[in-house]
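Encoded as structure tokens, the structure appears first; notes follow it.
The values are calculated or read from the model by the stated rules, or taken from the named source; none is laboratory data. Remember, it's a predicted structure, so these values are computed and weren't measured experimentally. Cβ placement follows ideal geometry from the backbone for every residue including glycine, while neighbour counts extend to all protein chains displayed.
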Amino acid sequence: MKKGLTLMLTLLLLLPMVTVWAGGQQEGGEAATEESASADVPQVKLDYGNASGELEIFSWWAGDEAPALNALIDLYNDKNPQVEVINATVTGGSGVNAKAVLKTRMLGGDPPDSFQVHAGQELIGTWVAAERMLDLTPLFESEGWMDVFPQDLINLIGTENGIWSVPVNVHRSNVMWYVPDNLDKWGVDVPESWDEFFEVAEELESQGVTPLSLATNWTVNHLWESVALGVLGADKYDALWNGELSWTSAEAVEVWATLDKILDYTNDDFSSLSWQQATDLVVGGDAAFNIMGDWAAGYMSTTLNLEPGSGYGWAASPGTEGSFMFLADSFGFPKGVKNPAATLAWLKNCGSKEGQDTFNPLKGSISSRTDSDLSKYNDYSKSAAKDFADNRIVGSLAHGVTANEGFMNDFATVMEMFLKNRNPEQAANAAQAIAIQNGIVSK
Ligand code: GAL
């Protein structure tokens, strides 16, 4: 790693910090100021005594998404038998529901002991900006993590005041999934561009096959970012986030126009499906392709027991070969938690080599450490690890890397509007307005 990631991070660091909610007010979360190294920079302590009692871990990894987290919790229990883990999950892909519940709890002064959050603006622009998190720099130093996590990733989870979460993985967003035998049966190849996709899609429709499966609205945001990367290329995609490319430029309008055309080739019932159900349409032979992050590989391998390569195939989403759109899940340490000793032990487990190589082979992601044991991973993950090392790295919008929560929420509204009226110019204008409102671009 990673010239691309360095470039992307440099661009992101230029983004103004935006306090997203509650005007950054402190409510309730004052209890842990004893951890403060100074009034401004509260730091984690390295010794809170022995870990025992209950530890509440908050995430959206429920149901089909649970096996990897369960394995990480089992490993934690082996090492900390005195602690009872309360696995608090709120169902809903990409955290659509969990983030709202977390917001209520954080604002109400009732933080879980640790919570899942995307590395990047999703954490920095919210709970770090609102001064609700502890700086984890002492932990990174004492565990030797400054040397095993890529510096670029540390930059992404840090500000000049500290390091704010422990990454557990690296996921790839821009992946197109399919079943190789089905494509052979239908006589089509994997499209390498959207123009090729439109040709293949006509052929598939003539055979009664849905070309691209889609699910509930956040997965359309997910599709949008792959389309944007494919249509714009990596440089211009990055330029959207540093204000160099206007959201109303002809290229940006073209992204929406392409998405409009793609939507003609998706299942009509998409808004009522979960991301797993959209994957099921591909696995079951009703649809040819799906664009989803590689948690879909975790679902197909771990839950559906399919072999990567034969049971399912993958390619970069059309027009994005050579680019790796990345995101990382991480866990933070909120101020004022009930069980700091058990939380500290949890974060150590999350960042450890053993923890990561236990969690990620089940999750479909790769380790965020540079010393991962790849022999524990399947062929899909090995190929993702290679691409992560070689490709141009760009950040995901839908999963918290490139923009703050305010923009993400507003973007979801723009998408709802677009799904109703399918007007590319109007969507582009609205996206420009929310980019200004949320400090992505200046007027
Ligand atoms: C992403 C998250 C993944 C996976 C996915 C689907 O935002 O980073 O780990 O959970 O949502 O829910």
Conditions (1) surrounded by 21 or more Cβ atoms within 10 Å (Cβ to Cβ); (2) part of a helix (DSSP H, G or I); (3) at pLDDT below 95; number of the one not met by residue 10: (1)
Looking at region 377-394, is at least one residue at pLDDT below 95 and surrounded by fewer than 17 Cβ atoms within 10 Å (Cβ to Cβ)? no
Return the residue satisfying two criteria in turn: it lies in region 153-180 and is among the polar types (S, T, N, Q) and within 16 Å of the ligand (Cβ to nearest atom), and of such residues it is surrounded by the most Cβ atoms within 10 Å (Cβ to Cβ). 165
Take the residues in region 52-73 that are in a helix (DSSP H, G or I) and touching a Ser or Thr at 6+ places or on another chain (Cβ under 8 Å), then tell me which one is farthest from the ligand (Cβ to nearest atom). 71
With the first residue restricted to region 319-342 and required to be assigned to a strand (DSSP E or B), and the second required to be of a type in the set (Gly, Ala, Ser) and more than 16 Å from the ligand (Cβ to nearest atom), Cβ contacts under 6 Å at 6 or more apart or on different chains are 323/234
Output the number of residues of region 85-109 satisfying the condition of being touching a helix residue (DSSP H, G or I) at 6+ places or on another chain (Cβ under 9 Å), farther than 21 Å from residue 166 by Cα and away from the ligand (no atom under 15 Å from the Cβ). 2
